[in-house]
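Reviewing the structure listed below.
All of the numbers you see were taken from the coordinates with simple rules; none came from a lab. Note that the coordinates shown come from a computational prediction; the quantities given were computed from them, not determined experimentally. Heads up, the Cβs are rebuilt from the backbone with ideal geometry, glycines too, and the neighbour counts pull from every protein chain shown.
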Amino acid sequence: MEKKRNHLWIAWILVLPVILLRGFTTIYPVCATIINSFLDIRLLRSQETPFIGFGNYIKIFRDPKLITSLQFTAVFTFVSMFFHIILGIGLAVLLNVKFKGKRFLRSIVLIPWAMPMVVVGLAARWAFNDSYGLINDLIRRIIPAFHYDWLIFPVSARLSVIAVDLWKDVPYFAIMVLAALQFISEDIYEAARIDGAGKFQSFYRITIPNILKTVLTLSIFFTTWRMTSFDVVYSMTSGGPGDSTSLLAYRIMTEAFTNLNVGYASAIAAVLFLLMAGLSSINLFFIKKIDS
């Protein structure tokens, strides 16, 4: 017993440097951001950083540009996640069906996810152009007189950003769900068929319950990534037209590095952190419900 305790202490000593390094690189930035959010740090104005309490947080709810960013972040996150789940499960079920070329299809389906989002965003900016874009060129093959500049109008620009985000990350979501499908025994489906269950009943009663925990776990990470998404907007629309496609993460960048208003940017980051923690807690609650 004493020998095991000595080995445990040795293990802790060996892991301690990694824990300290990880704790420092995680805890310190969070604490520094929260502290800065209570200060008026404007690098263009002066080097003074007076304490203003909740001034930056009050400004958030009085800033119409930020309210627009908050609204689009909510729409972007929930709409994107809804279709990630629906399309991801559908694609995973399709890839799980036995047919010739299945391995090849599983390989190429990950190509969009493997591409850097900045490259995808720049390509999408060209693709959605009215004059020489791929999207309108395909539509004109059916409707010759069609003209529409997708990134000029707020609604279509938002829809375009969401569509590009789905095209890029749905394949990865589907592959993760596919991995969960591989663990469902065929014997269960065979027993269901013998009992008279149809394909829809088998999907609803067997497939969904067995992959639900995986889907909810993936939703935590994908929701976090959606809320902190920055590169798709930066490379595709630069927040435009106006501020209609400006996500919170993009607003944080512009306030911190363009306007050099570090205190206000820190307050936005703190609010974003709380929103992410709240949504993650909800997902974890449902995961615990499934386990219990």
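Largest GNM mean-square fluctuation among 92, 32, 191, using the chain with Cα springs under 10 Å: 191.
Rounded to the nearest 20, the size of the Cβ-charge dipole of the stretch 64-291 about its Cα centre is 460 debye, with Lys and Arg at +1 and Asp and Glu at -1.
With N set to the residue count of the stretch 218-285, report its C-alpha Rg divided by 2.2 N^0.38 Å to two decimal places.
On the way: Rg = 13.0 Å, N = 68, 2.2 N^0.38 = 10.9 Å.
So the stretch 218-285 has a normalised radius of gyration of 1.19.
Distances between placed amide hydrogens fall under 5 Å for residue 39 paired with 52, all partners being 5 or more residues away or on another chain. Sequentially through the stretch 189-199, phi angles give Karplus couplings (6.51, -1.76, 1.60; θ = phi - 60°) of 5, 5, 5, 5, 5, 5, 7, x, 6, x, 5 Hz, Gly and Pro residues having no value and appearing as x. The stretch 204-237 and the stretch 67-104 have Cα centres lying 8 Å from one another.
Taking the chain as a Gaussian network of alpha-carbon nodes connected by springs under 10 Å, the highest mean-square fluctuation of the residues 230, 257, 200 belongs to 200. Calculated over the chain, the projected area of the Cα convex hull averaged across directions stands at 24.2 nm².
Among 192, 265, 163, which one shows the biggest mean-square fluctuation in a GNM of the chain, springs joining Cα atoms closer than 10 Å? Evaluated over the chain, the most mobile residue of the options is 192.
Nearest 500 deg cm²/dmol is fine: what mean residue ellipticity at 222 nm does the chain get from its DSSP H runs of n ≥ 4 alone, each adding -39,500 (n - 2.57), divided by its residue count?
Details: 14 runs with 206 residues, N = 292.
Value at 222 nm, helices only, nearest 500: -23000 deg cm²/dmol.
For the stretch 216-292, a crude dipole built from +1 on the beta carbon of Lys and Arg and -1 on the beta carbon of Asp and Glu, taken about the Cα centre, is about 240 debye to the nearest 20.
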